[in-house]
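Participant: My questions will all concern the structure given below.
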Amino acid sequence: QVQLVESGGGSVQPGGSLRLSCAASGSIFGTYAMGWYRQAPGKQRELVAGITSDDNIKYVDSVKGRFTISRDNAKHSVYLQMNSLKLEDTAVYYCNVLLKSGNYWGQGTQVTVSS
């Protein structure tokens, strides 16, 4: 079994920054991709940023140039630095780990951008 613990969400004004962290523990073996998804009220969950074990990265177009994903393999952790936050970034953000054994999700952390 794999557990994901997220931290770093909160409330911020437009233009502000937040850093999300996610630490995975449990039966983690081999190579795996990690990522961040988000789900806003009334919308489908979408991939925000993903990073493979060899550091191939992709972002949804709406966050390119503002968000940066990174990972620390030794700590089984993934991070999302979010700068220049916009109102439309408000959502619950979920950490995701894709292992051969399955697809695992964190509990979600709320990010609210409001003036």
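Participant: I'd like the full set of residues that are crowded, with 21+ Cβ neighbours inside 10 Å and either β-branched (Val, Ile, Thr) or touching a residue at least 60 places away in the same chain (Cβ under 8 Å) (or both), limited to segment 80-93. Full working, then the answer.
Facilitator: Kept after step one, since they are crowded, with 21+ Cβ neighbours inside 10 Å, are these residues of segment 80-93: 80, 82, 85, 89, 91, 93.
Those that are crowded, with 21+ Cβ neighbours inside 10 Å and either β-branched (Val, Ile, Thr) or touching a residue at least 60 places away in the same chain (Cβ under 8 Å) (or both): 80, 82, 85, 93.
Participant: Whether any residue in segment 41-62 is in contact (Cβ under 8 Å) with a residue 24 or more places away in the chain, within 20 Å of residue 9 (Cβ to Cβ), in a helix (DSSP H, G or I) and not polar (S, T, N, Q) is what I want to check.
Facilitator: Within segment 41-62, none of the residues are in contact (Cβ under 8 Å) with a residue 24 or more places away in the chain, within 20 Å of residue 9 (Cβ to Cβ), in a helix (DSSP H, G or I) and not polar (S, T, N, Q).
Participant: Tell me, yes or no, whether segment 67-87 has at least one residue that is farther than 20 Å from residue 110 by Cα, hydroxyl-bearing (Ser, Thr, Tyr) and out of contact with any Leu (no Cβ under 7 Å at 6 or more places or on another chain). Before the answer, list the steps.
Facilitator: Residues of segment 67-87 that are farther than 20 Å from residue 110 by Cα, as a first pass: 71-76.
After this cut, where a residue has to be hydroxyl-bearing (Ser, Thr, Tyr) as well, the list is none.
No, the conditions are met nowhere in segment 67-87.
Participant: Separate question: Which one of the conditions (1) in a loop (DSSP other than H, G, I, E, B); (2) polar (S, T, N, Q); (3) open to solvent by less than 50 Å² (accessible area, probe 1.4 Å) does residue 31 fail to meet, given that it meets all the rest?
Facilitator: Exception for residue 31: condition (3).
Participant: Let me ask something additional. For segment 41-50, state whether one or more residues are open to solvent by less than 60 Å² (accessible area, probe 1.4 Å) and over 10 Å from the mean Cα position of the chain (by Cα). Working first, answer last.
Facilitator: Going through segment 41-50, the residues open to solvent by less than 60 Å² (accessible area, probe 1.4 Å) turn out to be 47-50.
Adding the requirement that they be over 10 Å from the mean Cα position of the chain (by Cα) leaves none.
Among the residues of segment 41-50, not one is open to solvent by less than 60 Å² (accessible area, probe 1.4 Å) and over 10 Å from the mean Cα position of the chain (by Cα), which makes the answer no.
Participant: Pick from segment 61-83 the residues that are of a type in the set (S, T, N, Q) and touching a Lys or Arg at 6+ places or on another chain (Cβ under 7 Å): which of them is farthest from residue 21 (Cα to Cα)?
Facilitator: Step one: of segment 61-83, the residues of a type in the set (S, T, N, Q) are 62, 68, 70, 73, 77, 81, 83.
This time we only want the ones that are touching a Lys or Arg at 6+ places or on another chain (Cβ under 7 Å), so: 77, 81, 83.
Working: 77: 7, 81: 9, 83: 15 Å.
The selected residue is 83.
The values are calculated or read from the model by the stated rules, or taken from the named source; none is laboratory data. Predicted model only: the values in this text are computed from it and were never measured. Please note: Cβ atoms are built from the backbone with ideal geometry, for glycine as well, and neighbour counts cover all protein chains shown. Just the protein is used for accessible areas: all its heavy atoms, side chains included, with ligands, DNA and RNA removed. Shrake-Rupley method; radii C 1.70, N 1.55, O 1.52, S 1.80 Å.
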